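What follows is a set of notes on a single structure, which appears directly below.
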C-alpha cells in the first residue's frame, strides 16, 4: 500500500489544475495571497476562453497596477503590464494598431475606476473591442488595504479607520451609461456562471466589461470581520441576487445585495472596424499591419 | 527630384511623420500643436493609417505605446501642459524600450501660461520630467524645413535605439510658414525582427550595443512587457540589485555610447570668434541674424546652433569653448540650457545668459548690445 503522501506525488500538475498548461511555469508560484479570489478568476477566464474556442496564443493581455494586474505576467501569451490606471489606453492603441489581436484587460477596482476611470468610460463610449475583466475586491490590496471607490459605506480600511464615508461606484451602471455593449457581474462564488459570461464577453465584438466581485481575505476580510476566504465566499453567496429577480425588487430590498448576471448584450458598430472602414474608403485598403518593419 | 512647398511648421512636421512611416497618431487637442493632429486626421486614413483622438494626453501616449507594440510607427503631439501629463508613460516607454515620437510645440509656461505665444520652458522637463534615471533623445528644429527633417530623423532614431524621441519645437516654428524642399528619396529606419525563435530569444538581453531587435504582439513569442524592473526575459525582477543595475545602465548607455551617431549641431564663424552665441529652436534664428549683422559691422562673433538637445552636445560645446573668452546662451526661458553649457565649459570661458520670456523672439539688436558690453 502506498502512503497517502506518496500517492499525492503521482498526481500531475495537469491533474491538479487542467489550466496549468496556460501558465508560464517558470514564473510560479504567484505573488497572490492564499485564499485570494484571483486564482478562481484566472480559472474561470481560461475556461471561458476554451468554451469561446479561442486560443491563448492569439490573446494579448494588458493590465495596469495592482494585484489583479499581475495576472497577465503568469499566463503564456503576449502581455503588457503598464502604468496605474492606463491599461485601457494602451490596449486601445494595441487594438487599433492591429485589429487582428484579441485584447483582454485585467484590472481591479482601484485601477479601473479610480485612477483609470476616465479611460474606462471613454473606451465604453467608443465601443472598442476589448474585454475588461475587473476583479473588484473593494480594497487596495497591493498597497496594504486602503479604501477604494467600490468599498461599501461603513467598511473598514487602513485609510478609513472609522469606516468609509464615501459612496461606492456601481461599476456595471457606470459602464452601461457610458455605452458598454456587454456587461456582466458575478462573484468568486459563481465560477461557472462567470466563465460563461467571460465567454460571452470575449465573443462580443465590442466593449465588454465583466466585474468579478472577489475576496481579499488578507486585507478586506481581516479588517471587516471576514477573516477566512470561505467566510467571504459564503457572504457573497448569501448576498447575491440574480438580475432577473432583482429587477422586481425595490431599492430598499436590494440594499447591501450583489446583483449578479448579464446586464446588457447590445452590439453596435465596433471602433477599430470603423477605423478600418475609413482606411478602406480613403486608401482602398485595410489599415496596414506591422508597418514598422516595412516602411 | 525635389518638390518645393510653402507650408506651416506643424503641417511640415505631420508630413515628415507620414514620410517617416508613422501610421498611428493618438493625441489630444492643445494649442499650439493642434494642426499636427488635424493634418494627420485627414491624411493618415489615406495611407492606411489610424488616427485616434484620445480622452487626454495620458491616454494619448498610452495608445501610442500600445500601437508601437502592435508593430506600427506611432506618434503624438502636444504642448507643455499635455507634455506634463505624459511624463509617467514616457518613463514606461523608456524602461520598456518602446520606439515612439512625441512632438512638444512649446508655449509660454509654467502651467496654462501663454497658449498662443512662444516659449522654451520644457527643455529640462524633456530631460528629467519622468522619475528615475534615463537618457532621452530630444531634437529642436529652427525652421519649417527642419521641423520636417527632424521629425523624420526623430522616427529613425526612435526605431534605431528603441527609445521615445522628443521633438522640442516651439510656437514660432509650429505656426510660421516657410518654403521647404522635399526630396523624393527618403531613408527610413525599418524595425528589425529577432533572428532567434521564441524558444531562445531574450527580448531584453544585456547586449553590448544595448538595443535589441523588437518583435510585435501577435508574433507568437509570448513576450511579457512590464514597467517593473525586469530580467533579460522580460519577467519582473524587482528585488535584484544586479538586474536593476544591468537594465538601467544598458538603457542609459545605449544612448550615451552612441552620442556621436545621435548628436547634430550647426555652427559658423566660430574659429576666429571672440564671442560665440549658443541657441536652439526659434531663438537660434535670432543668433544667426545677430552674427550676420555683427560680422557686417566688424564684430568677431560666431554662432553654435544645437539641433540635438539631449543627449547634450558635450564634446562639441567643449571644443568651441577652447578659443573664446565668452559664450552667450540665448534662450526663451529664465535659463535652462545655460546650466548645461556651464557644466561643460567650466573655467575655459565665461558663460552668459541672454534670456527673453513673455512670448517674443530675442531681437538681434538687443543681443548685439549684450555682445558689445562684453567686448
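The values are calculated or read from the model by the stated rules, or taken from the named source; none is laboratory data. Owing to the predicted nature of the structure, the values given are computational and were not obtained by experimental measurement. All Cβ positions, glycine included, derive from the backbone under ideal geometry; neighbour counts span all protein chains shown.
Residue B:255 passes all but one of (1) within 14 Å of chain A (Cβ to nearest Cβ); (2) buried (at least 19 other Cβ atoms within 10 Å of the Cβ); (3) touching a residue at least 12 places away in the same chain (Cβ under 8 Å); which number fails?
Among (1) within 14 Å of chain A (Cβ to nearest Cβ); (2) buried (at least 19 other Cβ atoms within 10 Å of the Cβ); (3) touching a residue at least 12 places away in the same chain (Cβ under 8 Å), the lone unmet condition for residue B:255 is (1).
Pick from B:101, B:47, B:64: which is surrounded by fewer than 24 Cβ atoms within 10 Å (Cβ to Cβ), at pLDDT 95 or above, closer than 20 Å to residue B:156 by Cβ and in the same structural domain as residue B:147 (by TED's automatic domain parsing)?
It is B:47.
Quick one: count up the residues across region B:65-83 that are facing chain A (nearest Cβ under 10 Å) and part of a helix (DSSP H, G or I).
5
Looking at (1) crowded, with 16+ Cβ neighbours inside 10 Å; (2) touching a residue at least 40 places away in the same chain (Cβ under 8 Å), which is the one condition that is false for residue A:293?
It fails just one condition, (2).
Does residue B:368 satisfy being surrounded by 18 or more Cβ atoms within 10 Å (Cβ to Cβ), free of Cβ contacts under 8 Å to residues at least 60 places away in the same chain and within 25 Å of residue B:108 (Cα to Cα)?
no
I'd like the full set of residues that are closer than 15 Å to residue A:213 by Cα, surrounded by 14 or more Cβ atoms within 10 Å (Cβ to Cβ) and more than 17 Å from the chain's Cα centre (by Cα), limited to region A:244-265.
The one that is closer than 15 Å to residue A:213 by Cα, surrounded by 14 or more Cβ atoms within 10 Å (Cβ to Cβ) and more than 17 Å from the chain's Cα centre (by Cα): A:257.
Mind checking which residues of region A:240-295 are more than 9 Å from chain B (Cβ to nearest Cβ), modelled with pLDDT of 95 or more and touching a helix residue (DSSP H, G or I) at 6+ places or on another chain (Cβ under 8 Å)?
Result: A:254, A:257, A:258, A:259, A:260, A:261, A:262, A:263, A:264, A:265.
Being within 7 Å of chain A (Cβ to nearest Cβ) and either in a strand (DSSP E or B) or over 17 Å from the mean Cα position of the chain (by Cα) (or both) is the filter here; which residues of region B:50-64 pass it?
B:50, B:52, B:54, B:55, B:56, B:58, B:59, B:62, B:63
Kindly evaluate residue B:107 against the criterion of being assigned to a helix (DSSP H, G or I) and more than 23 Å from residue B:50 (Cβ to Cβ).
In short, no.
If I ask for residues that are free of Cβ contacts under 8 Å to residues at least 60 places away in the same chain and under 13 Å from the mean Cα position of the chain (by Cα), which ones from region B:88-127 would you list?
B:122, B:125 - these are the residues of region B:88-127 that are free of Cβ contacts under 8 Å to residues at least 60 places away in the same chain and under 13 Å from the mean Cα position of the chain (by Cα).
Looking at region B:265-305 only, could you name the residues that are part of a helix (DSSP H, G or I) and more than 29 Å from residue B:117 (Cβ to Cβ)?
Those that are part of a helix (DSSP H, G or I) and more than 29 Å from residue B:117 (Cβ to Cβ): B:295, B:296.
Output the residue which, of all residues in region A:56-71 that are within 14 Å of chain B (Cβ to nearest Cβ) and farther than 17 Å from residue A:129 by Cα, is surrounded by the most Cβ atoms within 10 Å (Cβ to Cβ).
A:64
Report, by residue number, each residue of region A:76-105 that is more than 7 Å from every other protein chain (Cβ to nearest Cβ), in contact (Cβ under 8 Å) with a residue 60 or more places away in the chain and not in a helix (DSSP H, G or I).
Hits for region A:76-105 are A:99, A:102, A:104.
Please enumerate the residues belonging to region B:2-42 that are in a loop (DSSP other than H, G, I, E, B) and out of contact with any strand residue (DSSP E or B) (no Cβ under 6 Å at 6 or more places or on another chain).
B:28, B:29
Within region A:106-139, take every residue that is within 13 Å of chain B (Cβ to nearest Cβ) and out of contact with any strand residue (DSSP E or B) (no Cβ under 9 Å at 6 or more places or on another chain) and give me the one that is surrounded by the most Cβ atoms within 10 Å (Cβ to Cβ).
Once the filter is applied, the top-ranked residue is A:119.
What tally of residues in region B:222-236 results from selecting those that are surrounded by 19 or more Cβ atoms within 10 Å (Cβ to Cβ) and out of contact with any strand residue (DSSP E or B) (no Cβ under 6 Å at 6 or more places or on another chain)?
Here the count works out to 1.
Take the conditions more than 17 Å from residue B:97 (Cα to Cα) and assigned by TED's automatic domain parsing to the domain that holds residue B:98 and apply them to residue B:173. Does it pass?
Answer is yes for this residue.
Quick grid of which residues meet (1) under 20 Å from residue A:293 (Cβ atoms); (2) modelled with pLDDT of 95 or more; (3) assigned to a loop (DSSP other than H, G, I, E, B):
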site	(1), (2), (3)
B:178	no, yes, no
B:196	yes, yes, yes
B:199	no, no, yes
B:204	yes, yes, yes
B:213	yes, yes, yes
B:222	yes, yes, yes
B:225	yes, yes, no
B:238	no, yes, yes
B:245	no, yes, no
